[in-house]
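K.L.:
One structure, pasted below without further comment.
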Amino acid sequence: MRLIWIILWWIVAAVLIADGLTGTVNSLYPWHDWFIFNLTTMPARTFSSILVGLGIFILLATFIVPRLFPQRGERLEGDGPSKVFARQFKAFAPTRRRFWEILTPAYDQWREGRSELPPSLERLLHQADFPEDLPLPREASFVTWARKTPDTWSDSELALWQFVSEVYPERTESGQLLTETALMDATIFQEFHDLRQDLARAWDRWGRDIFIGRILPDRLVKKYFIEQTQLVKCLIYLECALVRRTLDGGPGKIWMFGLIPLLTKGRAPRRGG
């Protein structure tokens, strides 16, 4: 129906312009009387017809058609909540960049003397799978799981777990505050901790929008989520190491954990050990 109305308006604009041009030519050359449209003869009216017709053309081309028939990239972002999400996602670009700027050198430092490990954090994240038990059943304890299960992993999963455990090491005494680690001084660690917290909360919120609010279409998820698989994987491993340290009795970032099946769709899960 929208397309029909647009076509009708195009026709109206074309008729007005043709009418104006016909009247103008006939007023200049009255001996030519073979034009299809001759609705106006006065110069003022012919000028008005051309002006109105051009106005309709410009209005259609500039405002109406682009809004009704957006380009592919605009359709992916959609309207309403989807467009809000797209803006939020893009706004986190500096946070993501700084997160990797801190964590990547930390991995390089931790890897020194361990030639058997992948040469880069990116390669390790690519090789390691998501924790296969997450999200946990409702009745399960996330703290208990984090204190026992990851240490039984092997291969790339265990290597990634050992690395994030250096970022958030387990407490050695009660009440011990985490202000720095062997991989980061106090200033850098606090900055990294805040970055990780912001990113984890954002992904947990976006996961909830998918599974509860159902406001994000599948094509939007494919566009923005799949390309960030390694980031989400890293955040989940860090979340596990953090809860083992804090002993927080909560369920963790359950909506972020819920993204695991979505991000691994089509892949057969592999046991780490």
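The values are calculated or read from the model by the stated rules, or taken from the named source; none is laboratory data. Just so we're clear, the structure is a prediction, and the values are computed from it rather than from any experiment. Note: ideal-geometry Cβ built from the backbone for every residue, glycine included; neighbour counts use all protein chains shown.
K.L.:
Consider the stretch 119-131. How many of its residues are within 18 Å of Gly207 (Cα to Cα) and either over 22 Å from the mean Cα position of the chain (by Cα) or not in a loop (DSSP other than H, G, I, E, B) (or both)?
P.N.:
So the answer is 1.
K.L.:
Report every pair of residues separated by at least 6 positions or lying on different chains whose Cβ atoms are under 7 Å apart, first residue within the stretch 141-157 and surrounded by 13 or more Cβ atoms within 10 Å (Cβ to Cβ), second of a type in the set (Phe, Trp, Tyr).
P.N.:
Final answer for the pair search is Pro150/Trp161; Trp153/Trp161.
K.L.:
Restricting the stretch 76-95 to residues that are of a type in the set (Phe, Trp, Tyr) and modelled with pLDDT of 80 or more, which is nearest to the chain's Cα centre (by Cα)?
P.N.:
Result: Phe89.
Residues are listed down the side, and each one gets a yes or a no for (1) surrounded by fewer than 13 Cβ atoms within 10 Å (Cβ to Cβ); (2) out of contact with any Lys or Arg (no Cβ under 7 Å at 6 or more places or on another chain); (3) at pLDDT 85 or above:
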site: Ser174; (1), (2), (3): yes, yes, no
site: Thr181; (1), (2), (3): no, yes, no
site: His193; (1), (2), (3): no, yes, yes
site: Gly213; (1), (2), (3): yes, yes, no
site: Glu239; (1), (2), (3): no, no, yes
site: Val243; (1), (2), (3): no, yes, yes
site: Leu263; (1), (2), (3): no, yes, no
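K.L.:
Within the set of pairs 6 or more residues apart or between chains, which connect a residue that is under 16 Å from Ala106 (Cβ atoms) inside the stretch 163-185 to a residue that is among the basic types (Lys, Arg) and at pLDDT 85 or above with Cβ atoms less than 6 Å apart?
P.N.:
Going by the 6 Å Cβ cut-off, the qualifying pairs are Tyr168/Arg245.
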